[in-house]
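Down below is the structure, laid out as structure tokens.
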There are 2 protein chains.
Amino acid sequence: MEGYKSFLFFLVSSLVLGFTLVIFALVWVLHYSDGLAWDGGNAEFNWHPVLIITGFIFIEGIAIIVYRLPWTWKCSKLLMKCIHAGLHLTATVLVVVALVAVWDYHNARNIPNMYSLHSWVGLTVVILFFLQLVSSIVVYLLPFTPVSIRAALMPIHVYSGLLLFGGVIATSLMGITEKKNPPYSSFPPHGIFVNTLGLLIVVFGGLILWITTRPGWKRPPEHVEKDQHPFGSSADEDTTDYSKEKSDVELNSEARKRNLKLDEAGQRSTM
Amino acid sequence: MEGYKSFLFFLVSSLVLGFTLVIFALVWVLHYSDGLAWDGGNAEFNWHPVLIITGFIFIEGIAIIVYRLPWTWKCSKLLMKCIHAGLHLTATVLVVVALVAVWDYHNARNIPNMYSLHSWVGLTVVILFFLQLVSSIVVYLLPFTPVSIRAALMPIHVYSGLLLFGGVIATSLMGITEKKNPPYSSFPPHGIFVNTLGLLIVVFGGLILWITTRPGWKRPPEHVEKDQHPFGSSADEDTTDYSKEKSDVELNSEARKRNLKLDEAGQRSTM
């Protein structure tokens, strides 16, 4: 890996920052708010920021960069896909509980749902995230999709994933902005604390996007070739212009060689 | 250009959407608020969303994709750089007026400044944007910076620009979220209107990021070679691994050929 030390710096920074975000979320609800419970009150609502920050920001961030860890490059592509998908699924479970918590809280207090821009953008992001998850499992984990389609959809998969991650961060910032009790304008410690949390979320997002978009830190194609499992062929690396329809089973040695070439081009195609 | 029709579709969509955003901002302040004036009241504050949406979202979006327009590929790189920088400068002027308007409004009404997450993230973005603007003029427009440094900084230039653009969008969504008068929870037309504006801003951002990150839509290197002006050499295309220190003047034919090769690699480096 080129720039290994720089990679380590960004990786460690994002891990430390990710844990810090979760701790900040816990301090926010346990110290500055009414703790955590499932009682229809503030303590139930508080699961919302804790689970969103843990699942949709920290775990999602790790899911996005998991292919970049050089120690995993000797693992099979299929194993890495399962870890990638598993982290997304874990995040999904936490996000669903986070949404149920806020819905339940609203209903218990007769607060209308879906009136704020936070909820509009947030629900849009969650629905698109769920569609991305299901379609990606069908396309990249199950063995039915032809190689050409996997390759053609990869730029959209990467773009959508990163855009949704950005959408989650923007939505969380709106969520923090909505929590104005006590009023922020008097600079209460609570306000300064959550503003700091908001800034740290932005920095975490910036770190993850930097790590993901460095081409020198991508899983190199030669390692991909080792994995010939029909569930996880090398062809669903970031290739483009691979227009011939071939199933995974048809993927012969010649095609694999071509893939390795195309892979280099493909790395240009997916940020 | 590969996928020319698709490019046209995205370009026209983003232009139409960009104009729509400006019209929405105007309808927001002229129809749903107290209009525009410079009187220390709401009408002065209203310049803030109008100028931010016009300058920091619409014009910035165009500035980001201006190198992608295939009709400009016959123009010199220097001319395109001046247009790119000129659009950024125009945006800067509008943003400065937008900030003065809100500061003036706060001071006239004795509202504290800089208490919200919107203001924290927003001011951070503005300061970083200004630093990016000045440093980029020094590095890429003035003829002093060696080619190697231009090339080495290009991935950071592109990454920072796109991250700041995302930061502007997130900040604007927080700004919309803050404007809760009348209360949004009763679903007033005003609330639904600005929520729609927020969603459209997100879509506009998604379109610009899609156009920018498609490698097939980048200004091709062979056109770059035509421009031998010392103020705008071909070497500040998206090249990487160009570690030898050479000034623009030293850039001989051999180096230019190497650049063309590296340029291909460089396209992988900057999303």
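Rule-based calculations on the coordinates, nothing more; no lab input. Because the structure is predicted, anything quoted here is derived from the model rather than measured. Cβ sites come from the backbone with ideal geometry, for glycine too, and all protein chains shown count toward neighbours.
In this structure, the residue pairs whose Cα-Cα separation is over 28 Å, taken from A:K81/B:K218; A:K5/A:K81; A:K5/A:K179; A:K218/B:K218, are A:K81/B:K218; A:K5/A:K179. Whole-percent P(r), the stretch B:1-58, all Cα pairs, 10 Å bins from 0: 24, 37, 21, 12, 6, 0. Counting Cβ atoms of other protein chains within 10 Å of each residue's Cβ and taking the mean over peptide A:164-172 gives 4.
From the square roots a ≥ b ≥ c of the eigenvalues of the alpha-carbon gyration tensor of the stretch B:1-158, which class results: rounded (a/c under 1.5), prolate (a/b over b/c), or oblate?
Verdict is oblate for the stretch B:1-158.
Cβ crowding within 10 Å, taken as a proxy for footprinting-reagent exposure, orders B:E60, B:E178, B:E44, A:E2 from fewest neighbours to most as A:E2, B:E178, B:E44, B:E60. With neighbours defined as other Cβ atoms within 10 Å of a residue's Cβ, the residues B:K179, B:K5 order from fewest to most as B:K5, B:K179.
When you filter the trypsin sites (Lys or Arg not before Pro) in the stretch A:54-98 for DSSP loop state and at most 15 other Cβ atoms inside 10 Å of their Cβ, you are left with A:K74. Once you have a ≥ b ≥ c as the square roots of the Cα gyration tensor eigenvalues for the stretch B:21-86, tell me rounded if a/c is under 1.5, and otherwise prolate or oblate according to whether a/b is larger than b/c. Prolate, because a/c is 1.5 or more and a/b exceeds b/c. Does the stretch A:93-134 come out rounded, prolate or oblate by the C-alpha gyration tensor, with a ≥ b ≥ c the root eigenvalues, rounded set by a/c under 1.5 and, if not, prolate when a/b is larger than b/c and oblate if not? Note, shape of the stretch A:93-134 comes out oblate.
Applying a DSSP loop filter and a limit of 13 other Cβ atoms within 10 Å to the chymotrypsin sites (Phe, Trp or Tyr not before Pro) in the stretch B:29-83 leaves B:W38.
When A:L117, A:L131, B:L153 are sorted by how many other C-beta atoms sit within 10 angstrom of their C-beta, beginning with the fewest, the order is A:L131, B:L153, A:L117.
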